[in-house]
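Please treat every number below as a calculation from the coordinates, not as lab data. On a predicted model such as this, the values are computed, not experimentally measured, just so you know. So basically every Cβ, Gly included, is an ideal-geometry build from the backbone, and we count neighbours across all protein chains shown.
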Amino acid sequence: MLIQNLTRPRLGALLALFLILLQSCTTVRLISDYDEITDKTVTRVQEKVTKYFVVLDRTIGTPAAAYENFVETFDDIKVDLNTLKLRTAALDKNRIVEDQIKELISMVDNLEKLHKIGFLNAAQIRPLKQPFDSAFTAIIRLQLALKRGEK
């Protein structure tokens with residue numbers, strides 16, 4: 001009914017205004033921009049976790065594989081993860097990355113608990129690597145997409 005009462009010039013102007021408003025809405029971002037510090041820190045944590053598994057796999061079944069020999073490794077990983085947790089929480093529209101980091105912190109905490117209990121052989125640690133690889137891949141893939149400017 002309203003449209004029937006509008007003249008053609010008014011309808012055209014109203015339509016043009018609507019299109020301009022619609023066009024201006026296309027730059028809405030639902031996630032934060034790329035953060036180089038997050039990207040580099042995640043990569044550094046990934047390297048530390050990978051080294052942990054390599055060393056543990058090589059030393060399993062020996063006294064060198066005891067939890068006490070890996071306390072410093074866990075501490076280093078946790079420091080980096082805490083840095084990531086604080087950084088991702090401080091960035092606007094960063095909920096996805098923040099949740100990924102929280103999940104990674106939980107995974108590391110669980111890995112540490114398992115290591116305290118002890119591993120009997122390499123077959124027990126090999127299945128633990130894949131979830132870490134998947135988590136790091138997802139985080140790094142998102143960071144690379146943000147770096148390219150994908151939305």
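Brief remarks follow.
- Computed FRET value (nearest 0.05) for D57 with A145, which takes r as the C-beta separation and R₀ as 22 Å: 0.10
- Whole-Hz couplings from phi, Karplus 6.51/-1.76/1.60, listed for segment 67-81; x for Gly and Pro: 3, 4, 7, 10, 4, 4, 4, 4, 4, 4, 5, 5, 4, 4, 5
- Pairs beyond 25 Å (Cα-Cα), from K93/K116; K51/K113; K40/K93; K51/K102: K93/K116
- Hydrodynamic radius of segment 55-151 per Kirkwood, over alpha carbon pairs, in Å: 15.0 Å
- Label-to-label distance for I96 and I37 is 2.2 nm, based on points extended 7 Å past Cα in the beta-carbon direction.
- Amide N of segment 102-145 lying under 16 Å from the label point, which is placed 7 angstrom from the Cα of E72 along Cα→Cβ: none
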